[in-house]
Amino acid sequence: MAALSLTSSTVDEITVITVDGVLDATTREQFADYLSMAGSNLILDLAGVTFMDSRALGLIVHHWQTSLASGSRFALVGVEYSKSKVMWITGLAQRLPLYDTLDDALAAIG
């Protein structure tokens, strides 16, 4: 079973979830449960992700679309092509709100 570590903090009323490990079929339920408990304003720090599959990306896109629909704030931080190729293959890397650092994301959406 793949290891996944999820931690969260709050910065300026935005929940920041730090993801470390593998996001795939074996960790999807854990990731989905954690996301469901997050607030509506959300930043996902994916710098610690070692692999992401299309199911995990689907969860992220769902939360992004929900945030857009409700007028909430949403951003992704630390996404690396080599570990999250599925974002580029699907074309979503050009559409999702990607930022290099937490400070960049907070400045843009805060």
Selection status of Val16, aliphatic (A, V, I, L, M) and touching a Leu at 6+ places or on another chain (Cβ under 6 Å): no
Residue list for the stretch 1-41, restricted to those being of a type in the set (Val, Ile, Thr) and either under 16 Å from Gly110 (Cα atoms) or in contact with a Pro (Cβ under 7 Å, 6 or more places away or on another chain) (or both): Thr10, Val11, Ile14, Thr15, Val16, Ile17
Pair list, Cβ < 6 Å and 6+ apart or interchain, from the stretch 1-20 residues that are in contact (Cβ under 8 Å) with a residue 60 or more places away in the chain to residues that are among the small types (Gly, Ala, Ser) and outside any strand (DSSP E or B): Asp12/Gly110
Complete set of residues in the stretch 98-110 that are assigned to a helix (DSSP H, G or I), free of Cβ contacts under 8 Å to residues at least 40 places away in the same chain and not acidic (Asp, Glu): Ala107, Ala108
Some residue of the stretch 47-67 being of a type in the set (A, V, I, L, M) and more than 11 Å from the chain's Cα centre (by Cα): no
Scope the stretch 86-97; condition more than 14 Å from the chain's Cα centre (by Cα) and either outside any loop (DSSP other than H, G, I, E, B) or surrounded by 14 or more Cβ atoms within 10 Å (Cβ to Cβ) (or both); matching residues: Trp88, Ile89, Thr90, Gln94
Number of the condition not met by Asp103 [criteria: (1) more than 21 Å from Ser5 (Cα to Cα); (2) surrounded by 16 or more Cβ atoms within 10 Å (Cβ to Cβ); (3) at pLDDT 95 or above; (4) not polar (S, T, N, Q)]: (2)
So Ala32, is it of a type outside the set (Ser, Thr, Tyr) and loosely packed, with under 13 Cβ neighbours inside 10 Å: no
Number of positions in the stretch 66-85 that are farther than 20 Å from Val11 by Cβ and either part of a loop (DSSP other than H, G, I, E, B) or in contact with a Leu (Cβ under 8 Å, 6 or more places away or on another chain) (or both): 5
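The values are calculated or read from the model by the stated rules, or taken from the named source; none is laboratory data. Owing to the predicted nature of the structure, the values given are computational and were not obtained by experimental measurement. Every residue, glycine among them, receives a Cβ derived from its backbone with ideal geometry; neighbour counts consider all protein chains shown.
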